[in-house]
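Input: a single structure, listed below in structure tokens.
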Amino acid sequence: MATEPVKGCSIQASLDVLGDRWTILILRDAFRGVRRFDEFRRDLDIARPVLTERLKRLVEHDVLARHLYCDRPPRHEYRLTTKGIALSPTLVALMRWGDEWLSDGAAPTVLVHEACDHPLDQQFVCWECNETFTPHDIASRPGTPAAPRS
């Protein structure tokens, strides 16, 4: 039995744009520097129509931008937008969760700070208190509802 999405839920709205395996893997590749249709296709072994639809949706939602790189024949590449780059912590969190819970603690990919080559950590920080905290310290309360979409 299908359930109705929770009105005003940002998680549901995010899943409407990002909520399938292929979209997340396309984003992973985009963060790794993959930009061209054939590169995505080759790396992911994804069917052309599926890749076409996912790229179109990501462009429509301004997560990726389509740029012409060749006039004859017309060829485009896909680059992360500011909105797309903002998804980095989400992908890192998914990766870390997979490392801990699905890979016996192994880390097939290690993220490092490029400037010093030290492994990165991902934490919650309250900039007001200047303290780190855990998910147990988070509370939620009603915020400002989004304007209805037309």
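Only the coordinates and a few stated rules stand behind these numbers; no lab work does. Just so you know, these numbers come straight off a predicted model, no measurement behind them. Cβ: placed from backbone, ideal geometry, glycine included. Neighbour counts: every protein chain shown.
Can you give the translational diffusion coefficient of the range 17-150 in µm²/s, computed by Stokes-Einstein from the Kirkwood radius over Cα pairs at 10 °C and 1.306 mPa s? Mind dumping the intermediate values first?
Working: Rh = 17.6 Å.
In µm²/s, the coefficient rounds to 90.
Taking the chain as a Gaussian network, where each spring joins two C-alpha atoms under 10 Å apart, which residue of His136, His118, His76 fluctuates the most?
Fluctuation is largest for His136.
Give me the number: length gained by fully extending Asp20 to Gln123, i.e. 0.36 nm times residue separation minus the C-alpha to C-alpha distance, one decimal in nm.
34.5 nm
With a 10 Å cut-off between alpha carbons and a GNM built on the chain, which of Asp137, Asp20, Asp43 moves the most?
Between Asp137, Asp20, Asp43, it is Asp137 that shows the largest mean-square fluctuation.
Restricting the calculation to Cα positions, tell me the Rg (one decimal) and the Dmax (whole number) of the range 57-107 in Å.
In order Rg, Dmax, the Cα atoms of the range 57-107 give 16.1, 49 Å.
Find which of Val92, Thr23, Ala115 sits farthest along the positive direction of the dipole of the range 1-134, computed with +1 on the beta-carbon of Lys and Arg, -1 on that of Asp and Glu, about the Cα centre.
With unit charges placed on the Cβ atoms, the residue in question is Thr23.
Could you compute the longest span of the chain free of GluC sites (Glu not before Pro) located in DSSP loops and having at most 11 other Cβ atoms within 10 Å, not counting the site residues?
1-113
Using a Förster radius of 25 Å, what is the FRET efficiency between Arg72 and Phe37 based on their Cβ-Cβ separation? Nearest 0.05, please. Present the calculation step by step, with values, prior to reporting the outcome.
Values: r = 17 Å, r/R0 = 0.66.
The computed FRET efficiency comes out at 0.90.
What is the distance, in nm, between label points placed 7 Å from the Cα along the Cα-to-Cβ direction at Trp101 and at Ser88?
Simple spin-label model gives 2.5 nm for this pair.
How far, in nm, would the chain grow between Ser10 and Ala47 when pulled straight, counting 0.36 nm per residue and subtracting the alpha carbon separation? Before the final figure, lay out each step's value.
Details: separation 37, 0.36 × 37 = 13.32 nm, distance 2.96 nm.
Extending this stretch completely gives an extra 10.4 nm.
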